[in-house]
Structure formats: structure tokens, C-alpha cells
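I have placed the structure first, in the form of C-alpha cells, so that the comments after it can refer back to it.
Laboratory data are not the source of any read-out in this text; all were calculated from the coordinates shown. Bear in mind that the values here come from a model prediction, so they are computed numbers and not experimental data. As a convention, Cβ positions derive from the backbone with ideal geometry for all residues, glycine included, and neighbour counts pool all protein chains shown.
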Amino acid sequence: MIPLDHPRYRSLVTREHLVAMAVRGVIAPEGLIAHGRGEAFDYLLGESSTESAHRAARCAAALLRTAKRPVFSVNGNTAALAAKEIAVFQETTGIPVEVNLFHRTPERVEAVTSWLAAHGVRVLSGVPERLVPLSHDRGLCLPSGIGAADLVIVPLEDGDRCGALKRMGKTVITIDLNPLSRTARTADLTIVDEVTRAIPLITAAWQELARDTGSGRAAEMVAAIDNRVFLAEALQAIGERCFRALD
Ligand code: PTJ
């Protein structure tokens, strides 16, 4: 039992939830380690969304609104942490959701899909094919989903898929607390923020842009995106917070 007055209450409750999700097979055991890395960066960022992350989320909404066939790619950690937020995002934007796993087994695909469905997410189904040129199972995707997408959101993932998707001509948005990760540096746009905070920011920005229909604002925002600026701002935020902690 975690006491309510524990200074790290939220973090401990999340950890407990993720352990339960690992027992159910929604997240891989390795996902617990990935969460720990994310927590460390979130600690350094102050565990709240920076002004820079808010701007990046608005750019993500602009990219999504100008895309022709965007798809939201969901892995075990993202599903376990943010199923509710993904359901609201999908309800608002109508963007399809596909499950894509690194530690892929039929049982885990089913566990992640059921968990998402239980929270109201409509998950794409079909027979996956190895369409993304990778030697591991993240290369498997649905021809009508990620296979046909012009833009893919790949939260919480560090590896080679982002580069492979870009070489296929797709635009990639990621959500990653580590501004130095390979994926964060390779993506067209990185929101350096915690996934449960970042997804609602994108949803809200989508709604805000919807009120601007016809103004061409989304296209202007897309043209101005410079991902290196967002990464540099995140590193600066981390640095400033570290120095303030010493005062
Ligand atoms: O479910 P699977 O089989 O597809 O596997 C998922 C994991 C997460 C195990 C797999 O994608 C993996 O190993 O990821 P990495 O390489 O550890 O990368 C995860 C990235 O997400 C790291 O850069 C972390 O800092 C970051 N991260 C971790 N937790 C969060 C996060 N970013 C945003 N929000 C989080 N809650």
C-alpha cells in the first residue's frame, strides 16, 4: 500500500500499474527498464510540460492536419500508460491506431489490443507484412495502416524504425522524454514530454486548429518546424533545472 502523503506517490502508483501490466503481458519486462529511463529524464525536466513541448505539440497537430493518411503506432508501454488519452485523441481526430511491438508475440499483440479496446480505442486489424525494412519485428505492419501512411506517430521508442520509416518517405513524429535518443534526433518532430501529458496537448492543439479552418495556419506552422530547436530547448531546460537545484 503506497501512502497518499508519499512525496513520490504518483510515480510509485505508475510503477505499480506498470508491473501489473507486465504480469498481464501488455508491456514487456524490458518495458519496465524503458520506463525507468523515461522517469529519469522526466525528473530532470521537472515532471511537467515545458513551454517548448506545448509548441511542439501544436506543430504535431499541424502536421497531422496536413497529412493525408496519418497513423498512430502504439507499443506496450504507450498502451499501458496512455490508453485513455489515446481514446480521446482518436475520438477527436479520427486517426487510426495500429499496434506495433518490438518484443512481438501473438499473445502480446492480443493483450495490447484488448487493453486499448477496453478503453475505447479502435485498433486496426489485418494480416501484418514485413514492409518496413528492418531485421526485427518492428518491421511488421499492416499494408493499409503504417504501410500506406504518409505520417506515423511513434511515441516512446528508441531505435532504428524512425530512420527506416523516414527512408520510406514517411513523416515521423515522436514523443520521447530523452532529447538525445536516436529516435528523438531522427524524427521530423519530437515532443520532449511524458506520453500521458503530450497526447492531450496534441488533442487540444488539434481542436484549436480546427477552429482556424481555411486560414492556412497549419501549413505555415509545418513549414517553420525545426526539430533541432525543440531538442536544444529541452536540453537547455534540463540544464537550467539542474543548476537551480544546486541553489
Ligand atoms: O512494447 P514493445 O515490445 O514494443 O517494447 C516497448 C519498449 C519501450 C520496451 C521499446 O520500445 C524500447 O526498448 O524502447 P527504448 O529503446 O527503451 O526507448 C524508449 C524511449 O522512450 C526512451 O528514450 C525513454 O527515455 C522514453 N520514455 C520512457 N518512458 C516514457 C518515455 N518517453 C515519454 N513518456 C514516457 N512515459
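Rounded, prolate or oblate: which fits the stretch 20-64 when a ≥ b ≥ c are the square roots of the eigenvalues of the alpha-carbon gyration tensor, with rounded for a/c under 1.5 and prolate only if a/b beats b/c? Oblate. Count the net charge of all other residues whose Cβ sits under 11 Å from the Cβ of ARG161, scoring Lys and Arg as +1 and Asp and Glu as -1. Local net charge: +1.
Quick one: dipole size for the stretch 90-139, taken about the Cα centre, charges +1 on Lys/Arg Cβ and -1 on Asp/Glu Cβ, in debye to the nearest 20. Computed about the Cα centre, the dipole is about 100 debye. When both the stretch 158-235 and the stretch 49-89 are represented by their alpha-carbon centers, they are found 8 Å apart.
For the chain, report the translational diffusion coefficient in µm²/s to the nearest whole number, using Stokes-Einstein at 4 °C, 1.567 mPa s, and a Kirkwood Rh over Cα pairs. For these conditions, the coefficient is 71 µm²/s.
Once you divide the Cα radius of gyration of the stretch 1-46 by 2.2 N^0.38 Å, the number left is 1.22. Quick check: from the Cα gyration tensor, does the stretch 175-215 come out rounded (a/c under 1.5), prolate or oblate? It is oblate, given that a/c is not under 1.5 and a/b is not larger than b/c.
The alpha carbons of the stretch 31-103 stretch over 36, 33, 19 Å along the principal axes, in descending order.
The C-alpha radius of gyration of the stretch 105-188, expressed as a fraction of 2.2 N^0.38 Å, stands at 1.12. Classification of the stretch 135-247 by its C-alpha gyration tensor yields an oblate form. The axis ratio a/c (a ≥ b ≥ c) is 1.5 or more, and b/c is at least a/b. Taking only the C-alpha atoms of the stretch 68-159, Rg followed by Dmax gives 12.1, 35 Å.
Can you list the equivalent-ellipsoid semi-axes of the stretch 1-142, largest first and in whole Å, using the square root of 5 times each Cα gyration tensor eigenvalue?
Semi-axes from the Cα gyration tensor: 26, 21, 15 Å.
Residue order for ASP42, ASP212, ASP5, ASP150, fewest other beta carbons within 10 angstrom first, comes to ASP5, ASP212, ASP150, ASP42. Identify which of VAL152, VAL26, VAL229 has the largest mean-square fluctuation in a Gaussian network model of the chain, with springs joining Cα atoms closer than 10 Å. The residue that fluctuates most here is VAL229.
Relative contact order of the chain, taken over Cα pairs closer than 8 Å and 6 or more residues apart, is 24 percent. Springs join every pair of Cα atoms under 10 Å in this Gaussian network model of the chain, and among SER144, SER114, SER11 the largest mean-square fluctuation is at SER11. Excluding the site residues themselves, the longest part of the chain lacking any trypsin sites (Lys or Arg not before Pro) in a DSSP loop with at most 11 other Cβ atoms within 10 Å is 69-210.
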